[in-house]
Amino acid sequence: MEHKGTVKIETERLVLREFVMDDTEAAFRNWNSDSKVTEFLCWSTVGDISESEKIMRSWVDRYTDKSFYQWAIVPKDFGEPIGTISVADMDERTEKVQIGYCIGSKWWGQGYTSEAFSAIIPFFFQEVKAKRIEARHDPNNPNSGSVMKKCGLQYEGTLRKADWNNQGIVDACIYGLLADDYFKSVK
């Protein structure tokens with residue numbers, strides 16, 4: 001793959017950009033401390049702002065690595081991050097990126113996550129030259145799967161007891177989109 005790093009991407013309603021340390025308070029307030037957000041994730045709800053600051057520092061420090069992708073999801077009319085979308089896992093041999101995302105529960109159901117995910121798909125296929133984009137979700141969190149479907153990923157199956165999150169060891173519904181299929185659809 002031809003890594004570019006976390007480049008700024010704009011959509012009709014969103015700016016996807018690198019985090020800065022000044023985003024710490026918004027991250028804590030808008031999603032890190034929201035127990036609804038972390039119910040099906042593999043990290044715990046953040047208890048105080050100092051934990052958010054450590055997370056933010058680790059992200060900001062990694063932006064020099066061009067294979068690190070961690071975007072702040074910022075609605076243009078709100079002006080501060082409401083969540084994040086990132087590469088949760090990557091395999092250079094298969095040229096695959098696995099996408100993970102979360103936004104604060106106040107913004108669920110408004111299409112922000114789908115808009116953000118849809119915006120990074122062309123970036124990964126056209127710029128980074130990934131051959132596969134995938135995502136997974138706990139079957140008890142079907143709304144996450146709805147985001148994947150809206151973005152054109154195909155359901156490929158459910159791996160039994162193959163993942164873990166704050167619910168324990170769980171099944172994982174896998175969705176994928178291949179570069180070949182993406183380029184056929186944009187012609």
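Points to keep in mind about this one:
- A cut-off of 5 Å between modelled amide H atoms, ignoring neighbours fewer than 5 places along the same chain, links ALA88 with GLN98, ILE99, GLY100.
- Computed in the context of the full set of protein chains, the accessible area of the stretch 122-182 at 1.4 Å probe radius has 46% of its extent on carbon or sulfur.
- Surface analysis of the stretch 77-140 yields an accessible area of 41 Å² per residue, using protein heavy atoms and a 1.4 Å probe.
- Cα-based Lys pair tally, the stretch 93-172, threshold under 30 Å, eight or more apart or on separate chains: 14
- Heavy-atom accessible surface of LYS54, to the nearest 10 Å², is about 150 Å², with a 1.4 Å probe and all protein chains retained.
- Computed [θ] at 222 nm, deg cm²/dmol, the chain (DSSP H ≥ 4; -39,500 (n - 2.57); rounded to nearest 500): -7000 deg cm²/dmol
- Solvent-accessible surface (1.4 angstrom probe) belonging to ILE55, in square angstrom, nearest 10: 50
- Every Cα-Cα pair of the stretch 40-97 was included, and the share exceeding 14 Å stands at 69 percent.
- Shape descriptor for the stretch 1-56: Rg over Rh equals 1.05 (Cα atoms; Rh from the Kirkwood inverse mean 1/r).
- Its relative contact order, with pairs defined as Cα atoms under 8 Å and 6+ residues apart, puts the stretch 24-161 at 19 percent.
- Percent of beta bridges antiparallel (DSSP, the chain, rounded to nearest 5): 90
- For the chain, the convex hull drawn through the C-alpha positions has a volume of 113 cubic angstrom per residue.
- Cα centroids of the stretch 8-33 and the stretch 56-122: 9 Å apart.
The values are calculated or read from the model by the stated rules, or taken from the named source; none is laboratory data. Just so it is clear, the structure is predicted and the values come from calculations on it, not from any experiment. Side chains are part of the model used for accessible areas, which takes the heavy atoms of the whole protein and leaves out ligands, DNA and RNA. Shrake-Rupley method; radii C 1.70, N 1.55, O 1.52, S 1.80 Å.
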